[in-house]
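The values are calculated or read from the model by the stated rules, or taken from the named source; none is laboratory data. Computed from a predicted structure; not experimentally measured. Note that we place each Cβ from the backbone using ideal geometry, even for glycine, and neighbour counts take in every protein chain shown. For accessibility, only protein heavy atoms count, side chains too; no ligands or nucleic acids. Shrake-Rupley method; radii C 1.70, N 1.55, O 1.52, S 1.80 Å.
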Amino acid sequence: MPDTTLPSTLATGIYERLRNDILDARLEPGRKLQLRFLMEHYEAGQTPLREALNRLSREHLVISKEQRGFFVKPVSLEELAELTKTRCWVEGIALRESMANATAEWEEALIVAHHRLSRTSRSLREDRFESNPQWEMLHRAFHGLLISNCGSQPLTAFCEQLTDQLQRYRALSSRKAFQVRKVADEHTQILNAVLERDLPRAMRMLEDHYNKTASFIIQDFPQASPG
């Protein structure tokens, strides 16, 4: 039988690189994804690139225009508001159920995740903002753990999709927010409310956390939005 492992692995690798570049806004919203540029930048052929682009289209990160090719999905204030509102709704439900199912193991995992996040620098540089991939990974892990105990895999999967959609917006405003926002304090407040089993406060802190992110994005949106 023919060995299909290498082509499959190659296609997956290209998809993941493209996806990460879109989520981190290195491929900015609205940009046309010209195949010649992609082939040179990712050192890949047309077939795996088209496969990756089609997959990203199904995830609503890329749009396909007839006779015009592929584009990174544009951003909009309307979508930001919709995504933020929906995330607050569904993660509120997931957090409520996670706290109802609280175990010592889950609480210990949260404490460890928060400790690791708080010990990691948000930026790779002190003189200017440069996103730290390790912090991003630990940040996602902490938020994922908050709702991981809800007992519903479809719910947590939907929350993860919303996280991905909003990551593009976060990436556009992180430099500005980094200078003034005390995000570590916000994480600590959320954790303390969860550990104290104060559900109303925990849900309010989480919602405030996400709405504050949206407010920073809105402030910077004219500069972030493509012309």
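Cβ separations smaller than 7 Å between residues 6+ apart or across chains give the following pairs from segment 141-168 residues that are in contact (Cβ under 8 Å) with a residue 12 or more places away in the chain and closer than 13 Å to GLU59 by Cα to residues that are open to solvent by 40 Å² or more (accessible area, probe 1.4 Å) and of a type outside the set (Phe, Trp, Tyr): THR163/ARG140.
Only residues that are open to solvent by less than 70 Å² (accessible area, probe 1.4 Å) and assigned to a helix (DSSP H, G or I) were counted across segment 142-154, and they come to 6. Remark: pairs (first residue in segment 99-110, without any contact (Cβ under 8 Å) to a residue 60 or more places away in the chain and of a type in the set (Phe, Trp, Tyr); second residue open to solvent by 30 Å² or more (accessible area, probe 1.4 Å) and assigned to a helix (DSSP H, G or I); Cβ separation under 8 Å; 6+ apart in sequence or on different chains) = TRP106/LEU145. Could you say whether any residue in segment 94-114 is at pLDDT below 95 and among the basic types (Lys, Arg)? No, segment 94-114 contains no residue that is at pLDDT below 95 and among the basic types (Lys, Arg). Pairing residues of segment 10-29 that are free of Cβ contacts under 8 Å to residues at least 60 places away in the same chain with residues that are in a helix (DSSP H, G or I) and among the charged types (D, E, K, R), at Cβ distances under 6 Å and at least 6 apart in sequence or on separate chains, gives ALA11/GLU51; TYR15/ARG55; LEU27/ASP21.
Restricted to segment 30-42, and to residues there that are touching a residue at least 12 places away in the same chain (Cβ under 8 Å) and open to solvent by 50 Å² or more (accessible area, probe 1.4 Å), the residue that is farthest from GLN167 (Cα to Cα) is GLN34. Restricting attention to segment 121-141, which residues are of a type outside the set (Phe, Trp, Tyr), open to solvent by less than 70 Å² (accessible area, probe 1.4 Å) and either in a helix (DSSP H, G or I) or modelled with pLDDT of 95 or more (or both)? Those that are of a type outside the set (Phe, Trp, Tyr), open to solvent by less than 70 Å² (accessible area, probe 1.4 Å) and either in a helix (DSSP H, G or I) or modelled with pLDDT of 95 or more (or both): GLU136, LEU138, HIS139, ALA141.
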